[in-house]
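Okay, structure first, notes after.
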């Protein structure tokens, strides 16, 4: 078996209608479809839910469940806010900046632009508390090649030490242009 693609990623939401409208307004996602049932098909548990699906581009689907009979949703308190997030790629830095401007104009706090060397991103939260990222790639084939060369060494060192390996420090210390030419 070989996975073809991710069909959809599902998260919980506080209010399905508000979520659909928010993603349409701020991220231009189309509302594709919904399922609403009183019984969970996989477990047969009696538990009403609304399951909505949004088009996040190129056949990617972002889905949400509203679960009115469950305790209020919360996040994993053992994981920092910045770890769990959904990253959406756009075509250009202009689109990242346009999104940032739109969000901030509507009172949504935005972090960044953050330079990750091979991509640049902004971060913010949706009305459900899910952290989102809008990112665009920076085409640096030599940087990507160098990162590919060290990925297993980095992973193996991390696995043994649980400390950040130094194999790619050059990405963030400002010397990456010198490093890729060596």
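The values are calculated or read from the model by the stated rules, or taken from the named source; none is laboratory data. What you see is a predicted model, and the numbers here were worked out from it, not measured in a lab. Glycine gets a Cβ as well: all are built from the backbone with ideal geometry, and neighbour counts include every protein chain shown.
Listing for the model above:
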read-out	value
Count of residues meeting criterion [touching a strand residue (DSSP E or B) at 6+ places or on another chain (Cβ under 9 Å) and loosely packed, with under 12 Cβ neighbours inside 10 Å] in the stretch 59-80	3
Failed criterion for residue 52 (all others in (1) in contact with a helix residue (DSSP H, G or I) (Cβ under 8 Å, 6 or more places away or on another chain); (2) exposed (fewer than 11 other Cβ atoms within 10 Å of the Cβ) hold)	(2)
Tally of residues being under 30 Å from residue 23 (Cα atoms) and touching a helix residue (DSSP H, G or I) at 6+ places or on another chain (Cβ under 7 Å) across the stretch 136-173	1
Residue in the stretch 16-37 that is at pLDDT 95 or above, assigned to a strand (DSSP E or B), within 18 Å of residue 89 (Cα to Cα) and not assigned by TED's automatic domain parsing to the domain that holds residue 104 present	yes
Restricting the stretch 97-115 to residues that are closer than 18 Å to residue 84 by Cβ and exposed (fewer than 13 other Cβ atoms within 10 Å of the Cβ), the residue that is modelled with the lowest pLDDT	114
